[in-house]
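Read-outs: derived from the displayed coordinates by stated rules, not from any lab. Since the structure is predicted, the reported quantities are computational estimates derived from the model, not experimental observations. Glycine gets a Cβ as well: all are built from the backbone with ideal geometry, and neighbour counts include every protein chain shown.
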Amino acid sequence: MSQPRESLHGQWSSKLAFIMAASGAAVGLGNIWKFPYIAGKNGGGAFVLVYLVCVLLLGIPIMMGEILIGRRGRRNPAQSMALLSEESGHSKKWQWLGTLAILSGFLILSYYSVIAGWAIDYVFHAAKGAFLAKNAAQIDSLFSQMIANPWTLLTYHTLVMLATTVVVAKGVESGLEKAVYVMFPTMLLLILILVGYAIDTGYFAHGLKFLFHPNFSVLTPKAVLMALGHAFFTLSIATGTMMIYGAYVPRHISIVSVSLYIAIVDTLIALLAGLAIFPLVFAHGLEPAAGPGLIFKTLPLAFGAMHFGRVFATLFFLMLVFAAFTSAISLLEPSVAWLMETYHVKRARAAWVCGIAVWLVGLGTVFSFNTAKNWTVFGKTFFTGLDYVTANIFLPLSGLAIAIFCGWLMKKEFLLAELGCDDGLMFACWRITLKIIAPVAVGAVFLYSLGILG
Ligand code: PFF
């Protein structure tokens with residue numbers, strides 16, 4: 001290829017806009033809901049350390065590869081992989097891996113939207129003072145009642161998908177960028193306020209110790225592999241998001257520096273979320289290893305017993321809604337770009353078609369908590385099955401494909417041109433990571449999650 005390609009759907013207006021949009025995609029339910037509970041369940045410090053190593057050694061290199069493919073291809077993930085593969089003298093069939101990434105994002109959004117809906121419901125509960133002076137059984141029943149009511153879940157799922165579709169329909173600069181400019185800094189401010197509130201409990205040191213004091217005796221092989229899987233999910237790797245967001249990155253921006261910023265912001269926010277949550281949990285003698293119920297059951301119990309608990313609980317769940325929303329829009333964009341390019345559909349129409357399709361698939365998740373909770377295949381409901389297939393099969397496979405694609409398939413000169421660096425030691429380390437280290441590590445997670453290892 002002689003001429004660099006131009007993006008078909010516009011560009012980020014600045015480096016900051018891209019960093020915010022991509023960090024907004026990365027920071028989400030994974031950071032605030034999932035990270036604290038899996039860290040809590042796996043003993044804290046040692047798990048956190050392994051997770052940090054995974055982000056540094058595998059997450060950042062693969063993210064760089066994904067953004068690179070996007071920017072060089074300037075098309076939707078499937079088409080970009082097809083173009084780049086041909087450019088390096090290989091088969092166009094690699095596009096199927098791009099398609100798999102797009103499909104993963106589409107399917108993840110279908111349940112992500114339902115869970116984001118829980119957070120909206122909890123903003124209202126918190127604001128009404130529903131957690132005040134309640135015991136554990138009462139708080140548990142609040143949660144069970146919410147998920148048992150299909151109408152509640154349906155209403156919020158519809159609301160999240162409507163808002164997501166409206167923003168994506170407006171396009172890169174007027175939709176995605178404007179939304180993150182408002183929501184991302186607000187979310188950041190809210191989390192800092194909440195950390196301040198946690199410091200005030202007098203149990204902050206307990207939280208710090210829990211997150212940063214490594215006790216390797218509690219670290220299991222399963223936890224190591226969970227840390228790796230989570231590093232992918234939290235950085236939004238392997239769902240086409242970083243590829244499509246990369247397609248809108250102006251040519252003068254350094255992929256290495258933006259990838260570092262995104263990973264640092266994402267990691268800091270996960271740690272801050274832990275520091276906002278665990279001191280409250282410890283201050284009330286509650287259980288840090290409560291699992292998925294940590295923020296929907298344990299935390300409301302703590303808020304309910306604290307000064308200004310009503311205000312801070314409302315702010316907490318509001319922060320969660322904002323974090324989830326900037327991820328939701330990033331999950332829809334790859335499918336929308338794919339539809340626009342493949343069938344020459346205008347953005348608004350493509351956004352509505354994809355939004356409605358995701359909404360329809362999401363109904364499966366809505367009903368899997370109530371009316372269809374006994375409909376299982378291999379012991380999994382629609383929601384748990386979808387979560388399993390996307391997180392444990394699709395994401396590792398796509399992550400593996402991206403590493404192999406950049407490491408083995410793409411010509412070195414193209415990689416160097418896109419990264420704008422010399423053929424020196426750093427480049428060699430990056431390439432070896434993608435060629436060997438990442439495939440071996442990701443392959444291990446994949447086999448493990450299929451039950452073949454461990
Ligand atoms: N990274 C998001 C989170 O941590 O919640 C989840 C996510 C968003 C995964 C976008 C994948 C993605 F493409």
Proximal lysines relative to residue 411, as straight alpha-carbon distance under 22 Å, when same-chain residues fewer than 8 apart are discounted:
92, 93, 435
Per the helix-only model, the chain has a calculated mean residue ellipticity at 222 nm (DSSP H runs of ≥4, -39500 (n - 2.57) each, divided over all residues, rounded to the nearest 500) of -22500 deg cm²/dmol
Only Cα pairs under 8 Å and at least 6 apart count here; give the relative contact order of the stretch 269-342 as a rounded whole percent.
18 percent
Sort 360, 320, 97, 132 so that the residue with the fewest other Cβ atoms within 10 Å of its own Cβ comes first and the one with the most comes last.
360, 132, 97, 320
I'd like the distance separating the alpha-carbon centroids of the stretch 310-349 and the stretch 276-295, in whole Å.
29 Å
In whole Hz, with x marking every Gly and Pro, tabulate ³J(HN,Hα) for the stretch 249-259 from phi via Karplus 6.51 cos²θ - 1.76 cosθ + 1.60, θ = phi - 60°.
7, x, 5, 6, 7, 7, 5, 5, 5, 5, 5
Normalised by the residues of the chain, what does the relative contact order come to in percent, with Cα pairs under 8 Å and at least six apart?
34 percent
Tell me, what HN-Hα J-couplings in whole Hz come from the Karplus equation 6.51 cos²θ - 1.76 cosθ + 1.60 at θ = phi - 60° for each residue of the stretch 326-343, using x for Gly and Pro?
5, 7, 4, 5, 6, 7, 7, 4, x, 5, 5, 4, 4, 5, 4, 6, 6, 10
One finds the C-alpha centres of the stretch 411-454 and the stretch 1-55 to be spaced, in Å, by 18 Å
Gap separating the Cα centres of the stretch 172-244 and the stretch 97-119, nearest whole Å
19 Å
From zero outward in steps of 10 Å, how is the percent of C-alpha pairs of the stretch 231-372 spread across the bins?
9, 27, 29, 24, 10, 1
To make sure I understand, if each residue's beta carbon is the centre and we count other beta carbons within 10 Å, what order do 298, 433 fall in, fewest to most?
433, 298
Using only Cα atoms, what Kirkwood radius does the stretch 99-185 have, in angstroms?
15.0 Å
Measure of size requested: the Rg and Dmax of the chain, with Cα atoms as the atom set and Å as the unit; please supply both.
21.3, 68
In terms of the alpha carbon gyration tensor, root eigenvalues a ≥ b ≥ c, rounded if a/c is under 1.5 and otherwise prolate when a/b exceeds b/c or oblate, the stretch 310-454 is prolate
Under 16 Å from the residue 311 label point (7 Å along Cα→beta-carbon), backbone N, the stretch 172-216
190-201
Ranked by Cβ crowding within 10 angstrom, fewest neighbours first, how are 72, 251 ordered?
251, 72
Any number yet on Rg/Rh for the stretch 247-322, C-alpha, Kirkwood?
1.17
